[in-house]
1. So between residue 32 and residue 7, what do we pick up on full extension, going 0.36 nm a residue minus the alpha carbon distance?
2. Give the Cα extents of the chain along the principal axes, in whole Å, largest first.
3. What list do you get for 25, 58 if you sort them by fewest beta carbons within 10 Å?
């Protein structure tokens, strides 16, 4: 797993995850999963935005930008 993170502004932080093994093939196979989220609800770590791509039980790319003030 490769992880990068930091602060975009004083209010928002970001995180990028690359090549993370989600589970073993013995447990099943996730062939392809894609999620694109934009949560504007005011709550813990919200508003936030995220992109997630999984291929053959590996997270290929996950990008998150979250509110760190809550």
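Any read-out appearing in this document is the output of simple, stated calculations on the displayed coordinates, not a laboratory observation. Everything numeric here is computed off the predicted structure, so don't read it as measured data. Cβ coordinates were reconstructed from backbone atoms using ideal geometry, including for glycine residues, and neighbour counts include every protein chain displayed.
1. Values: separation 25, 0.36 × 25 = 9.00 nm, distance 2.99 nm.
Result: 6.0 nm gained on full extension.
2. Per principal axis, max minus min of the Cα coordinates gives 42, 23, 15 Å.
3. Numbers: 25 9, 58 15.
Lowest to highest Cβ neighbour count: 25, 58.
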